[in-house]
Amino acid sequence: MHESTALASSAPGSVVEAQVTYLAPGEGPVEVRVYPPTSGVATVRPASQPHVVPIHDARRIAHRLNLDEQGFELHASASLFVDHYDEDAVRARYYPEVESVMRRLTGALAVIVFDHNVRSAARAARGEMGVRLPVDQIHNDYTEQSGPKRKREILEAAGRADLADKHAAFINLWRPIVGPVWDNPLAVCDARSISAADLVSTDIRHFGEDDLRVPRHTGQIYSVRYNPEHRWFYASQMRPDEILLLKCYDSRTDGRARFTPHTGFRNPACPPQFVPRESIEARTLAVFEQRV
């Protein structure tokens, strides 16, 4: 891994006013139903409610961002890896790079990369396998219930049950594949501005091709209800030699950031000519020396 010495030298951008998509008000259970592309059945999502919010350029405060306070960090981190659309290559060569960077930046005792997403609207429209569209609805990847469950599953699969009683956090490492990113950048919500009442447990039911009635797998995320106190940030014109770390769950309940909602958004400052966003997000479990 080759680390660059500084973040992008361009002047930080101004605040942008942009639309983000929240969960619509309402009561009762909330769920997402995901069907295989070959089924011809569209994904079913809960009702949403758009809001225009100010989104601040995180470059202005990059030097003081902290995973345990705001829930996200922006770093310079160049990589020589280029085969982002080769699943086997990503797992064989990019995962070890991510683990190394994560250990260095977080001080974790161990880091397990267990999954990744590659997103490109253009490639997804062409039907390329394994490529997804940018997500445009605010969410957090884990909940108070699904976080501990997923932690146990990952440690068992990795043969690291010895780490079960350790402090752990799910941290995503987000990197542009091409840049600078103008179209559909990632917006993150300052964890300190979130109230527990804003987070709504949402079951995600994944159906297989052989049965469209009984889900093959069910996970759980947080959808988010609008709160005018939310403070939103993005990193303007992110480059492939920069990364955004995003904490999606923390096993400790001592007041530190535990959940960091995020979403893609249409950037009103996007110029007429731009390179469409392509990005890779590695999902990691970081385990620390201290016990929970």
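Computed values, structure above
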{"quantity": "Student exercise, the range 29-291 dipole from Lys, Arg, Asp, Glu Cβ charges, in Debye to nearest 20", "calculated": "360 debye"}
{"quantity": "Amide H within-cut-off set for His139, under 5 Å, with H built and near neighbours excluded", "calculated": "His262"}
{"quantity": "Thr43-Arg252 FRET efficiency (beta carbon distance; Förster radius 45 Å; 0.05 resolution)", "calculated": "0.85"}
{"quantity": "Charge dipole (debye, nearest 20) of the range 163-292; +1 at Cβ of Lys and Arg, -1 at Cβ of Asp and Glu", "calculated": "240 debye"}
{"quantity": "Per-residue ³J(HN,Hα) for the range 167-177, Karplus 6.51 cos²θ - 1.76 cosθ + 1.60, θ = phi - 60°, Hz, x for Gly and Pro", "calculated": "4, 9, 9, 8, 10, 8, 10, 9, 9, x, 8"}
{"quantity": "Stretchable slack from Val292 to Lys149, in nm (0.36 nm times residue separation minus alpha-carbon distance)", "calculated": "50.0 nm"}
{"quantity": "Ranked by how many other beta carbons lie within 10 Å on average, peptides 49-55, 240-246 from highest", "calculated": "240-246, 49-55"}
{"quantity": "Kirkwood Rh in Å, taken over the range 21-97 so that all alpha-carbon pairs contribute", "calculated": "17.6 Å"}
{"quantity": "Segment Ala76-Arg216, length gained on full extension (0.36 nm per residue, minus Cα span)", "calculated": "46.5 nm"}
{"quantity": "Stokes-Einstein D for the range 29-291, Kirkwood Rh over Cα pairs, 25 °C, 0.890 mPa s (µm²/s)", "calculated": "128 µm²/s"}
{"quantity": "Lys/Arg +1, Asp/Glu -1 at C-beta; the range 29-291 dipole; positive extreme among Ser195, Ala42, Asn184", "calculated": "Ser195"}
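Rule-based calculations on the coordinates, nothing more; no lab input. Remember, predicted model here, so these are calculated numbers, not experimental data. FYI the Cβ positions are ideal-geometry reconstructions off the backbone, even for glycines, and counts take in every protein chain you see.
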